[in-house]
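> My questions will all concern the structure given below.
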Amino acid sequence: MAITVTGPADPDTGVIVDLGALDAVLEREVRLPLDGSDLNKVLDEVARGDAVPGCEVIAGAIWRRVASALPDGVTLLRVTVSEDDTLEAECTGPG
């Protein structure tokens, strides 16, 4: 998984978001609820039978979890999820 964020750079540090704060968001919103879990049960659209847990669905689910949890002024641009070296999906909106 890769995420890309944007926003104004802090004039003192030159960074858009503190990496510790970003890592905390990813831990809380992605790693803890999804890592090692049965995605057939934890992804709502998959559990309902509306989708299969492919990289497109996973990227969209991560987008929805992360976008609203970012610090003020930080905007999510993209979530990329890879199934292997030859297959990935990129989500650029809540989908």
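Please treat every number below as a calculation from the coordinates, not as lab data. As the structure is a computational prediction, the values presented were derived from the model and not from experiment. Note that each Cβ is placed from the backbone with ideal geometry, even for glycine, and that neighbours are counted across all protein chains shown.
> Taking the residues in segment 19-49 that are of a type in the set (A, V, I, L, M) and more than 20 Å from A2 (Cβ to Cβ) as candidates, determine which candidate is surrounded by the most Cβ atoms within 10 Å (Cβ to Cβ).
By that ranking, first place goes to V46.
> Can you find, within segment 15-42, the residue that is nearest to A67 (Cα to Cα) among those that are touching a helix residue (DSSP H, G or I) at 6+ places or on another chain (Cβ under 7 Å) and free of Cβ contacts under 8 Å to residues at least 40 places away in the same chain?
Per the stated criteria, the residue is V30.
> Go through segment 66-95 and give me each residue that's free of Cβ contacts under 8 Å to residues at least 12 places away in the same chain and crowded, with 16+ Cβ neighbours inside 10 Å.
none
> Next question. Restricting to segment 50-82, name every residue that is under 22 Å from G36 (Cα atoms), touching a helix residue (DSSP H, G or I) at 6+ places or on another chain (Cβ under 6 Å) and not in a helix (DSSP H, G or I).
A51, P53, A69, V79, V81
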